[in-house]
1. Collect the residues in the stretch 95-123 that are free of Cβ contacts under 8 Å to residues at least 24 places away in the same chain and more than 16 Å from residue 74 (Cβ to Cβ), keeping them in residue-number order.
2. Using the structure shown, decide if residue 279 is of a type in the set (D, E, K, R) and in contact (Cβ under 8 Å) with a residue 40 or more places away in the chain.
3. Within the stretch 167-188, how many residues turn out to be in contact (Cβ under 8 Å) with a residue 40 or more places away in the chain and β-branched (Val, Ile, Thr)?
4. Which residue out of 128, 106 is crowded, with 21+ Cβ neighbours inside 10 Å, small (Gly, Ala, Ser) and within 30 Å of residue 257 (Cβ to Cβ)?
5. Does the stretch 156-169 contain any residue that is of a type in the set (Asp, Glu) and under 18 Å from residue 146 (Cβ atoms)?
6. When the stretch 79-109 is examined, which residues are found to be under 17 Å from residue 282 (Cα atoms) and β-branched (Val, Ile, Thr)?
7. Tell me yes or no: at least one residue of the stretch 150-172 is over 27 Å from residue 191 (Cβ atoms) and not hydrophobic (A, V, I, L, M, F, W, C).
Amino acid sequence: MKVAVIGVGHLGRHHARILEKLPGVELVGVVDVNRERAEQVAAQHRTHAFADWRDIAFAVDAVTIATPTETHVAVAQPLLEAGIHVLVEKPMTRTSAEADRLIEAAAQGGATFAVGHTERFNPAVEAARSYVHEPRFIEVHRLGTFPDRSLDIDVVFDLMIHDLDLVLDFVGGEVTSIDAVGVPVLTPRIDIANVRLRFSGGCTANLTASRISRDRVRKIRFFQRDSYVSIDYSSQELEMWRLVPQPGAMPAIEGGKMDVLREEPLARELADFVAAARERRAPGVTGAQGRAALALAEQIVERMTV
């Protein structure tokens, strides 16, 4: 399968690194408006450099797009309409209306359309699925130091959207209420945010995202009847504790760290995208699922107290 990477900045260069070594894939080119950067990445991965995606895009089977969010529609829509498979990094678009355009384009062109929510492919997250059942409360902390990128969007769209996608996936049901607060600290955009979501099934989720913290924290915890599940995204560690009845005695608490086979989530995501395109099946995160997370992020920002 002939694949190109469009946008080889902070994240796109990792796409190129992984795709170059992925079995059954030929990395035929990398594209970046910064020609020098494109040539540097191309040289590292023994491929060709382009400054304009139009110069290569229609000679490939699939592309991954890691350009700024504001460009996603202009780049992805004509490719999808032409039947070229596309994985676009999160947030998939600036608005849910734009997301609808890409979903429609994929349907029109018969193309596989995936959205880059890498935490879905985190081995610790996948290992936790057999232990999470009808959670009643979810606590999420995604904290990072001040970045040199993604400052054109709020932290809700930059960082929190990863966890919004996961919470929607684990919980299901409708969001019935949203309470949110955000603060612009170092930029004109929201740099730290907290939101409390309530779901129709009774679950409550509390999420905090920050890009101005001293320490890097990436954790999600599930509290449910008789058990507790904790995931550290960064270290790919999973803990599960449960209450076990003891006949004639007090219940015992059992559990601890669970076995997790550590792998790079982005590599697993790209492998899934290529396989989905080849097999003409749905990818791990579909356009509709990416849109759902985006639409929820929009609602949070709209209702946010600043």
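The values are calculated or read from the model by the stated rules, or taken from the named source; none is laboratory data. Everything numeric here is computed off the predicted structure, so don't read it as measured data. We place every Cβ from the backbone using ideal geometry, glycine too, and count neighbours over all the protein chains shown.
1. 107
2. no
3. So the answer is 5.
4. 128
5. Among the residues of the stretch 156-169, at least one is of a type in the set (Asp, Glu) and under 18 Å from residue 146 (Cβ atoms), which makes the answer yes.
6. Of everything in the stretch 79-109, those that are under 17 Å from residue 282 (Cα atoms) and β-branched (Val, Ile, Thr) turn out to be 84, 86, 88, 103.
7. yes
Residue-wise test of (1) touching a residue at least 24 places away in the same chain (Cβ under 8 Å); (2) acidic (Asp, Glu); (3) on the phi < 0 side of the Ramachandran plot; (4) touching a strand residue (DSSP E or B) at 6+ places or on another chain (Cβ under 6 Å).
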residue: 128; (1), (2), (3), (4): yes, no, yes, yes
residue: 135; (1), (2), (3), (4): yes, no, yes, yes
residue: 139; (1), (2), (3), (4): yes, yes, yes, yes
residue: 165; (1), (2), (3), (4): yes, yes, yes, no
